[in-house]
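The values are calculated or read from the model by the stated rules, or taken from the named source; none is laboratory data. Predicted model only: the values in this text are computed from it and were never measured. Here Cβ is always computed from backbone atoms with ideal geometry, including for glycine, and neighbour counts include all displayed protein chains.
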Amino acid sequence: MPRTTIMDPLTVGGVIGDVVDPFVSCVSLRIVYHNNSEVVNSLELKPSQIINQPRVDVGGDDFRTFYTLIMVDPDAPSPTHPNMREYLHWLVMNIPGTTGTSFGQEIVGYESPRPIAGIHRMVFVLFKQMRRQEVIHPPRWRNNFNTRDFAQVYNLGSPVAALYFNCQRESGWGGRRIII
Amino acid sequence: MEEVWKDINLASLNDHSTRPSSSSSSSSSAAAFIFQDFLARPFTINTTTNSDPPPSPSPSPSPLSPAPPQSLTALSLGCHHRPINRNHHHHPHHNPFGHHPHPAAPSPPSTTKLPYSSSPLFDTLPSSSSLPCFATTNRFPETSSDPAPTLDRRNKRMIKNRESAARSRARKQAYTSELQLKVDHLLEENARLKRQQQKLCEAAVLNHQQKKKSALYRTFTAPF
């Protein structure tokens, strides 16, 4: 069956628009939670699978380029009324290229997502830093974080990679069951 | 009646001119807000002024037609036709929406499946107090005789349900397109690796043959 043009999952899922502006993905980003659940766009993960921070593999060429990883929930507290958009779950800066978050500087610690209402998108955005950031003012609150503004303040430019997954409360059964 | 349409036109025009088209979510929520305003007013007016003279609604679609496309682009078309259907209910002796200029123009991404002519929901709706068919029953027993608040709540519920359905469809579509991309990627990688393996295999065979040629063989000549 001839396939028509495939739409970009980030655009279809609304990540481009709600969290970031359109960008060109040029650095590889691989995020794997424990129990070998790799984050694939629009995959559904349960809160029990994402209790601890995942293993993050950043691409790039050399150790001297530094990257920033931001994890936000744009659908907090619920997708119908996202008053706390975006809720910051994790912020790591100064990640050397080809390494992971364990080699970077954790500015805001990983908070395990526990959505209550609705199905939330959890978005990871990777930025390339111009240089190693020495002076960092951590955001005072996790809620109402703005990725675009943060990128502007620290001169991060356009994202270089993004991934997202869906998450609902542990006992939730919302959403279509996608049977492949 | 005409002042209402003019007000709505002005409101939607003003909002459209002042609001830059930033993200789709903000525009859709803004349009939803306009839409709610838009919906609220005709209901109060239609139910109170039942005796409208027939000719007055007929010029009203013409001022209506330039304004709605602005609020329509962000909303599904099915939503928008409801007030027209309601007018039809209250005033069965004219049909403005038969000549409505934008029946199904662009297929909106977040479209509802409500076809233009058949609307079973509205056929079952009398003007006042019936409970919505798709909502849970007896959640809002009709205490007041004023239908505007329940209609408002119903509309809000419908809008929320539509948005939720649109999100669900977007999730599904995002997942399938992600999988398609991955499949393409993996097929390419597979083909590339197979070619590479083939080359390596051939190179190994060649190497083996060369080694055989240059291996030491016993000959009959000896130094002594």
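Determine if segment B:175-183 includes at least one residue that is in a helix (DSSP H, G or I) and either more than 14 Å from every other protein chain (Cβ to nearest Cβ) or at pLDDT below 75 (or both). No, segment B:175-183 contains no residue that is in a helix (DSSP H, G or I) and either more than 14 Å from every other protein chain (Cβ to nearest Cβ) or at pLDDT below 75 (or both). Checking each residue of segment A:104-115 against the condition of being within 14 Å of another protein chain (Cβ to nearest Cβ), surrounded by fewer than 22 Cβ atoms within 10 Å (Cβ to Cβ) and under 26 Å from B:THR176 (Cα atoms) gives no match.
Only residues that are surrounded by fewer than 18 Cβ atoms within 10 Å (Cβ to Cβ) and within 14 Å of chain B (Cβ to nearest Cβ) were counted across segment A:50-94, and they come to 4. Residues of segment A:89-111 that are in a strand (DSSP E or B) and among the hydrophobic types (A, V, I, L, M, F, W, C): A:TRP90, A:LEU91, A:VAL92, A:MET93, A:ILE95, A:ILE107, A:VAL108. Among the residues of segment A:56-77, those that are outside any strand (DSSP E or B) and either polar (S, T, N, Q) or more than 17 Å from A:TYR110 (Cα to Cα) (or both) comprise A:GLY59, A:GLY60, A:ASP61, A:ASP62, A:PHE63, A:ARG64, A:THR65, A:ASP75, A:PRO77. Tell me which residues, restricted to segment A:131-180, are surrounded by 11 or more Cβ atoms within 10 Å (Cβ to Cβ), touching a helix residue (DSSP H, G or I) at 6+ places or on another chain (Cβ under 9 Å) and either of a type in the set (Val, Ile, Thr) or more than 14 Å from every other protein chain (Cβ to nearest Cβ) (or both). Passing the criteria: A:PRO139, A:LEU156, A:GLY157, A:SER158, A:PRO159, A:ARG169, A:GLU170, A:ILE178. Candidates A:GLU111, A:GLU86: the one that is charged (D, E, K, R) and touching a His at 6+ places or on another chain (Cβ under 9 Å) is A:GLU111.
For segment A:1-14, the criterion of being more than 14 Å from chain B (Cβ to nearest Cβ) and at negative phi is met by none of the residues. In segment B:146-169, the residues that are at the interface with another protein chain (Cβ under 10 Å from one of its Cβ atoms) form Cβ pairs under 7 Å with partners that are among the hydrophobic types (A, V, I, L, M, F, W, C) and crowded, with 18+ Cβ neighbours inside 10 Å, at six or more places apart or across chains, as follows: B:ILE159/B:ALA32.
Criterion first (among the β-branched types (Val, Ile, Thr), away from chain B (no Cβ under 11 Å) and under 14 Å from the mean Cα position of the chain (by Cα)) does A:VAL40 satisfy it? So A:VAL40 fails the test. Against the numbered list (1) crowded, with 16+ Cβ neighbours inside 10 Å; (2) within 14 Å of chain B (Cβ to nearest Cβ), A:SER28 comes up short only at (1).
Scanning segment A:15-25 for residues that are acidic (Asp, Glu) and at the interface with another protein chain (Cβ under 8 Å from one of its Cβ atoms) returns a single hit, A:ASP18.
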